[in-house]
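What follows is calculated from the coordinates using simple rules that are stated; it is not laboratory data. Computed from a predicted model, the values in this text were never measured in an experiment. Backbone-built Cβ (ideal geometry, glycine too); neighbour counts: all protein chains shown.
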Amino acid sequence: MKTFLNLKQCLILFAAVFSLTSCLKSDDPDFQIVAGGYLQQVVNETSNPGQEGEEPTITVSYEFTPYCLVQSSEAMTDCKATGSSGIMSMQQITPYAYQTRSSTSTPDYSKISYSIIASNASGESASTTVSYQSLDKVMESKFESTISFEGGKGLTVEFNKVKNATAYMVLAKKTTSETLYDGATIVAEFTESDLTNTRELTINEATFAKNLEAGSYILETAAVINVSSYGILGIVVYQKGKSTPYTKE
């Protein structure tokens, strides 16, 4: 089961929900938007030498960068997201979808909230909000991983267990700029129970590459917390790991 929806799945689900809504509430405006998001988490560990006779300690700090996906019932001509840390830069990826191009990171995810306003070609506007304040947990340790590919052996990955992570996965990207919403494809996914006996796992090429077209990819490891739902789209806390190049013939 996929931990988060890809863009195409999101758009199909979004269209179905709006179709049902319009049947039930004829007085709803024609132009509507919904938004969801994920947090990319960075865990920093700083070693502190202890006093004479004491063991060194490690200080852990976090950084969170928010990303949003905004979808609409009609083609959008503009979309702006404004929050506590300023304006989030957005880019259009389809006539019906905008996603984050860049945003500001913060050590406190509970203060991240954005007001989103979009408009269509007729000059109508619609608004919604995305807030990460309801999240009750983040990853409490740094994600460490290795990944390598050998033609005869397959893809070998190794993960450490990360406190609060609900899944460990391998993503296939065409470029490093592709995101969880635009372009990235899950090619392998594991739960903590898969790491019970060993942290090293091997996946044969026929399994992880079955849904990939021929071409060059970047295979990237990740640890995530999947939050059940936020409106239509789920919120994911995402910690990026190591990557390796891969070419499907």
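Values as computed for the structure displayed
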| read-out | value |
| --- | --- |
| Cα centroid separation - segment 55-91 against segment 150-166, whole Å | 28 Å |
| Modelled label reach - SER84, point 7 Å along Cα→Cβ, segment 116-131 residues with backbone N closer than 16 Å | 116, 129-131 |
| Additional length obtainable on full extension of the chain from LYS163 to THR77, 0.36 nm per residue less Cα span | 26.8 nm |
| R0 of 41 Å, Cβ-Cβ distance SER122-THR146: FRET efficiency to nearest 0.05 | 0.20 |
| Neighbourhood charge, 10 Å Cβ-Cβ cut-off, centred on VAL42 and excluding it, Lys, Arg +1 and Asp, Glu -1 | +1 |
| Cα gyration tensor shape for segment 32-177, rounded if a/c is under 1.5, else prolate or oblate | oblate |
| Residue-span extension gain [THR176 to THR57] - 0.36 nm each, minus C-alpha spacing | 39.4 nm |
| Global geometry of segment 110-249, whether rounded, prolate or oblate, following the gyration tensor of its Cα atoms and the 1.5 cut on a/c | oblate |
| When each of LYS80/LYS248; LYS137/LYS173; LYS210/LYS242; LYS137/LYS174; LYS111/LYS210; LYS80/LYS163 is checked by Cα-Cα distance, pairs over 29 Å | LYS80/LYS248; LYS137/LYS174; LYS111/LYS210; LYS80/LYS163 |
| Whether segment 24-103 is rounded, prolate or oblate, judged on the alpha carbon gyration tensor where a/c under 1.5 counts as rounded | prolate |
| Burial ranking of peptide ranges 89-99, 236-246, 216-226 (average Cβ count within 10 Å, highest at the top) | 216-226, 236-246, 89-99 |
| Difference of contour (0.36 nm per residue) and Cα-Cα distance, LYS210 to ASP30 | 60.8 nm |
